[in-house]
1. I'm told Gly205 meets every condition in (1) surrounded by 22 or more Cβ atoms within 10 Å (Cβ to Cβ); (2) part of a loop (DSSP other than H, G, I, E, B); (3) under 21 Å from the mean Cα position of the chain (by Cα) except one. Can you identify the failing condition by its number?
2. Among the numbered criteria (1) more than 32 Å from the chain's Cα centre (by Cα); (2) under 23 Å from Arg243 (Cβ atoms); (3) of a type outside the set (Asp, Glu), which single criterion is violated by Ala223?
3. It is to be established whether one or more residues within the range 224-233 are in contact with a strand residue (DSSP E or B) (Cβ under 8 Å, 6 or more places away or on another chain), buried (at least 24 other Cβ atoms within 10 Å of the Cβ) and either outside any strand (DSSP E or B) or hydroxyl-bearing (Ser, Thr, Tyr) (or both).
4. Tell me, yes or no, whether the range 159-179 has at least one residue that is at pLDDT 90 or above and part of a helix (DSSP H, G or I).
5. When both residues are 6+ apart or on different chains and their Cβ atoms are under 6 Å apart, which pairs have a first residue that lies in the range 169-190 and is in contact (Cβ under 8 Å) with a residue 60 or more places away in the chain, and a second that is in a loop (DSSP other than H, G, I, E, B) and aromatic (Phe, Trp, Tyr)?
6. Look at Ala215 and say whether it is part of a helix (DSSP H, G or I) and outside the structural domain of Leu85 (by TED's automatic domain parsing).
7. Any idea how many residues of the range 124-133 are among the acidic types (Asp, Glu) and either part of a loop (DSSP other than H, G, I, E, B) or crowded, with 16+ Cβ neighbours inside 10 Å (or both)?
8. Would you be able to tell me the number of residues in the range 88-114 that are closer than 22 Å to Ser238 by Cα and either part of a helix (DSSP H, G or I) or in the same structural domain as Ala41 (by TED's automatic domain parsing) (or both)?
Amino acid sequence: MTRRPPLPIPPRTEARPPARRITMETVGRMAGVSQVTVSRALSDPSKVSPETLTRIQEAIAATGFVPNALAGALASKKSMLISALVPSITNIVYSGMLATFSAELRARGYQILLSETGFDREDEAATVEAHLSRRPDAMLLTGVHHADRTRRMLLGAGVPVVEVWDITDTPIDLCVGFSHPEAGRAMADYARARGYRRAAFITAGDERALRRGAAFAERFAQAGGEGPVPIRGDAPASLAGGRALTAALIDAGFGSEADKAVIAASSDVLAQGALIELAARGIAVPGRVAVMGFGDQEMAAALSPTLTTVRVNRDALGRAAAQALLTRIGGAAPDRQVIDVGFALVERESA
């Protein structure tokens, strides 16, 4: 019988004492005040003297103490969290608005719990459910079209809700945005006023963009224009998508010398892709085919040719959404339940 060698005995080490957790009591002892005073200073700094508040803040900084937000929420019935759900966190259209929205709320002591939902209503519903389980004090949603269960959950939760980037006469609670059909009609009016006879509207699979496209098509035809040709990609807006959609148009005969044609895009990114494809084919813009975008992103004024587009004041939208929520959280009714921030058509070289 073969004997196994004994297992090696690990070297003896000194036991490391467990780290002591810093508590409000610790902070209070360092600051020379009671735990109750520390709690009061954290929940409402105006209830303690400036000198006491300074001592407490110095003790917190010295110890690295982090207050228990969950305990504070249970006591005050406020989480100091605002949920924000947007289709894309990388798209400047949404991130620009969120920057102002977040700044307004952080100045009032709130933090933003942010999630990306894409453009699927069921994905949004699942995200809303997850956020509501964290008991936010309010929620921002993008758009006004949601799954039925999303509306039921939010109405049942009873938290203030602001829907942004669109308007409706029947919001869940509040909405801040603009009319997408009106934006599409404004683009069509502009194109016809400048003599464009044939049009195409290229768009990604965004419900709001599709409504702009439908309104553009209807108004362009009503004004005597030929077409327009709707062409849609199902992927999010991208340069490659803009190129591919434009290539499909040109290959189908759109934009001949006699057309005096215009490509209207649902986003500046798609419009930039269209400009790249037209340049690659040697097609003059706007001499043979004009291009219009939407969003007035930073690159729109830097392209060659510069891009005619639709501008929405993202800062104003984010600020109005934050202020409406803060008013509602404070127990008052905002002056308006529906806030239309409007839009502006910016004329540049491409059309």
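1. Status for Gly205: all satisfied but (1).
2. Unmet condition: (2).
3. Checking the range 224-233: not a single residue is in contact with a strand residue (DSSP E or B) (Cβ under 8 Å, 6 or more places away or on another chain), buried (at least 24 other Cβ atoms within 10 Å of the Cβ) and either outside any strand (DSSP E or B) or hydroxyl-bearing (Ser, Thr, Tyr) (or both).
4. No, the range 159-179 contains no residue that is at pLDDT 90 or above and part of a helix (DSSP H, G or I).
5. Gly177/Trp165; Phe178/Phe343; Ala183/Phe343
6. yes
7. Summing the residues that are among the acidic types (Asp, Glu) and either part of a loop (DSSP other than H, G, I, E, B) or crowded, with 16+ Cβ neighbours inside 10 Å (or both) in the range 124-133 gives 1.
8. Selection size over the range 88-114: 7.
The values are calculated or read from the model by the stated rules, or taken from the named source; none is laboratory data. All values derive from a computational prediction rather than experimental measurement. Cβ: placed from backbone, ideal geometry, glycine included. Neighbour counts: every protein chain shown.
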